[in-house]
Structures are given as structure tokens and as C-alpha cells.
1. Restricted to segment 334-358, and to residues that are free of Cβ contacts under 8 Å to residues at least 40 places away in the same chain and outside any helix (DSSP H, G or I), which residue is nearest to Leu300 (Cα to Cα)?
2. In segment 253-277, what residues are closer than 14 Å to Asp298 by Cα, in contact (Cβ under 8 Å) with a residue 60 or more places away in the chain and touching an Asp or Glu at 6+ places or on another chain (Cβ under 9 Å)?
3. Pick from segment 164-178 the residues that are on the phi < 0 side of the Ramachandran plot and either among the basic types (Lys, Arg) or surrounded by fewer than 16 Cβ atoms within 10 Å (Cβ to Cβ) (or both): which of them is nearest to the ligand (Cβ to nearest atom)?
4. Got at least one residue in segment 83-106 being touching a Phe, Trp or Tyr at 6+ places or on another chain (Cβ under 7 Å), without any contact (Cβ under 8 Å) to a residue 60 or more places away in the chain and surrounded by fewer than 14 Cβ atoms within 10 Å (Cβ to Cβ)?
5. Check Thr219, Thr204 and return the single one that is polar (S, T, N, Q), more than 17 Å from the chain's Cα centre (by Cα) and within 11 Å of the ligand (Cβ to nearest atom).
6. State which residue is nearest to Ala64 (Cα to Cα) when the search covers only segment 1-15 and only residues that are more than 11 Å from the ligand (Cβ to nearest atom) and part of a loop (DSSP other than H, G, I, E, B).
7. Enumerate the pairs (first residue in segment 21-34 and over 16 Å from Leu68 (Cβ atoms); second residue anywhere and at pLDDT below 95 and polar (S, T, N, Q)) with beta-carbon separation below 6 Å, excluding pairs fewer than 6 apart on the same chain, so at least 6 apart or on different chains.
8. Exactly one condition in (1) assigned to a loop (DSSP other than H, G, I, E, B); (2) more than 47 Å from the chain's Cα centre (by Cα); (3) of a type in the set (A, V, I, L, M, F, W, C) is false for Phe322; which is it?
Amino acid sequence: MLRFAPSPTGDMHIGNLRVAIFNYIVAKQRGERFVVRIEDTDKERNIEGKDREILEILQLFGLAYDDLYYQSRNLTIHQHMAIKLLEERKAFACFCSEEELEAEREAAKTQKRAYRYSGRCERLSDAEVLANEKPFTIRIKKPEERIAFCDLIKGELRFEPDDIDSFVILRADKSPTYNFACALDDMIHDISLVIRGEDHVSNTPKQIHIRNLLGYDKTIEYAHLPIILNEAGKKMSKRDAASSVRWLFEEGFLPEAIANYLILLGNKTPTEIFTLEEAIGWFDLQKVSRAAAKFDLDKLRFLNREHMKRMDPKELSRAFGFADAAIGELAKRYLEEGSTIREIKPKIEAIFAAKPYDGEWGDAMRQLRDVVKEAPHFEDFDAFKSYLMKRSGLKGKHFFKPLRLLLTGAEHGPDLSELYPYLKSYLMEIVK
Ligand code: GLU
């Protein structure tokens, strides 16, 4: 079973979406289940409604999940497991206050060394523990040997016991920490492969250590995806608008193009333009580059145009608020001028908007409008054009300029002969 485990603590980032897509693809390839686990144990950071937003985004991308879990529902299991480790002396109660720990962290910083837990509470006797009435956390004891695992993208990785350290698994309020809840849930849900962002690499030995101490001997595979850099070469953060999936939608990028882009990014693929379904046929996690990949908005714009070109015209039409395939076809004629729904929408709206008749070409426009209103239906643009020229007596740019303004509301754009097949049944609405 594979899982996508988002925290409902902020907007969905393209990095998270990429993780969701990869997990989905590999689950389909391996014929395993794909589940979503909302990691909502950090009550202070949860944001109301973010879980629903994430699920809506998954739906828009066609990432159907077989099951949905909320991590907080496993709270009692998490607590029981922490107590079990405590009873088996694989974990200990830690009475160090936040202030004491903070002071130790500061001291480490000043001495320019990595902070490690002092080990103070591990040395307390049972009597001292029982006599202490202060609130306490539960810390797992650091491993005795190094922990190694083979990452499908990064290769063999090794971590020393000191780098894993004796870390907190249950907070003073008796809620589990991220590493503890995650390690247990991956075990409970029988996860076979974890695909997640590289920012979690240092958590992996901690999670393996937790399961080792609980006697879980099944190996979970790991693949950590390299980070995505912004166009300036820095780690993409919330400050980069393009990192937000919602922003990309608002800008008028199609889910098909975004998914295509995220699969292509830092990867070797047999083709450049493809659908999610097609990618299931050839995707190879091991071909994903170890190096960080740079986000390129122009490339995404190119892919968006390509996907708009291929899109069923009726479906594309809906993105512009119409139901008729002709509007989808019309929008496709504008792909030289815009790459997103948002850029093309004003062009379609201008065609249907009331036209101003007060400019340089106003008189000629009015004249053409009157002729068009009385004209019979012409299937063919040349016949339509000849009819209008004859009736209006206009020619050259004195004919074409006002005709373009009348039909499209713009001075420039695709050839009228290209647009006409999709405009011809709307002429009475256009010529207002
Ligand atoms: N909840 C974690 C996050 O959103 C994911 C952890 C994981 O995939 O293990 O970063």
C-alpha cells in the first residue's frame, strides 16, 4: 500500500502535489492500494478546511484514493505504543522543561556544535521518576548502532546513533510527535513504499528506529524526491506564488498540464507531452534525477498550450463558461496569443461584448453591423466576406479593420478566416 500523507496546515504546494502524483502512479503500477492520510496530530498548526481543500485538489487531478484516514483517530494506539516502549525501557520519561532545553540548544549554537539531548532524564532512577510530579514527555532512546537504508533515488544512506539522538515521541500533552505517529501509521497500514520530499530524509532513520524497537521486521522502501527550486535557483517556498497549486489554477493552468509538468520535472520520460494515465505505462521512479529540479514557468505555459490543443473542445468550452464545442475550438485558435485559460478568456469575452462604435472605425463598424444583421447565413468565410464588401462598398483595410473590431472586439488576432467557422452561428450575438 502506498500513501499520500499531507498535513492540513497550509496551501497545497506543488512539491506535495508531485509526491501525491508519484505515489498514485506507483500504486497503480504495482497494483497496490493508494491511501490518503491526513496528518492532523499537530492541533496548533492545523487549519480548518485545509483537509477538504487538499482532497478537492486530488480529485481535480484524478488522483482517486482507495481509502482516507485521519491520523488523529489513531491517538490511543500511538499512546499505547509509547507506553509499551516506556515499560520495555526502550523509552524514558523526560522532565526537562522547554526553557531548559532551549538554553541547551542556544549553548550548542554558541559553541557551534549540533544540538543533542543531554541524556539527563535517561539516567534518573525509577524512584526519582515516580517522585517527580512535573509534566513529562516520552523520549525514545537513541539506537545503539547506525541505521542504514537504501533510498530508491538517493542510494544507500547511513545515520549515526548520535544523529538520530534520543528524541521525543509523545509530547507533554500526550499527543504523538510527527515522527512517532508517522512511523506507527506506516506500520499499521502496511505501507510498502514511502515516496516523499527530501526534507524528510533525516526523519527516516528515526522512523525506522521506532519500528525496529517495536519489533516490526518488514522493510519499508523509501524514495525521497529532490526539492524544487524557483527560477532564481533557491528552494521554492510559500513566497513563490507558482509554488501554490491554487495560484496555478487561478492563473488558468489545467490540471492535465500541471501533472504533466510535475512528472517531467527532473525526470527522463519517453515523451514530453502526456497524460497521467499514459505516464502509468512507463513511469520509472529510479529515473528521477537526484539533483534538485528548477521550476520553469515558461515550460509549464508551453505544456498548458499543448494540453489545451489536445483537449476535447466541449470540455475546453466549459472552462470559458460555454457548453458548445465551437467555443472550445475558437479558444484553440487563440493559443498563439495566450497560454492559459485566464489569458485567453478576455479574448473570448471581447468577441461577445458590446462593441464601441465611437473610435476611428466606428462609422464603418456600424455600417458592417447593419449589413451582417440582414445577411443570409454563409457557411464559408470567403462568401461571407464578398457579400459584406459588396453590400458595404468598403475594401482593403477600411473593410478588414472594422470587420475585425466588429467580430472580435480587438485590433489584432488570428485570421478572421480561421475564426469564422466557430463564429458563424453566433453572429447575431456578436454583432451588437
Ligand atoms: N505530513 C508530512 C508532510 O506533509 C508528510 C510526511 C510523510 O510523507 O511521511 O510533510
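The values are calculated or read from the model by the stated rules, or taken from the named source; none is laboratory data. Just so we're clear, the structure is a prediction, and the values are computed from it rather than from any experiment. Every residue, glycine as well, gets a Cβ built from its backbone with ideal geometry; the counts of neighbours run over all protein chains shown.
1. My answer is Ser339.
2. Leu265
3. Here the answer is Arg171.
4. Checking segment 83-106: at least one residue is touching a Phe, Trp or Tyr at 6+ places or on another chain (Cβ under 7 Å), without any contact (Cβ under 8 Å) to a residue 60 or more places away in the chain and surrounded by fewer than 14 Cβ atoms within 10 Å (Cβ to Cβ).
5. Criteria check complete, one pass: Thr204.
6. Met1
7. none
8. Only one criterion in (1) assigned to a loop (DSSP other than H, G, I, E, B); (2) more than 47 Å from the chain's Cα centre (by Cα); (3) of a type in the set (A, V, I, L, M, F, W, C) is unmet by Phe322, namely (2).
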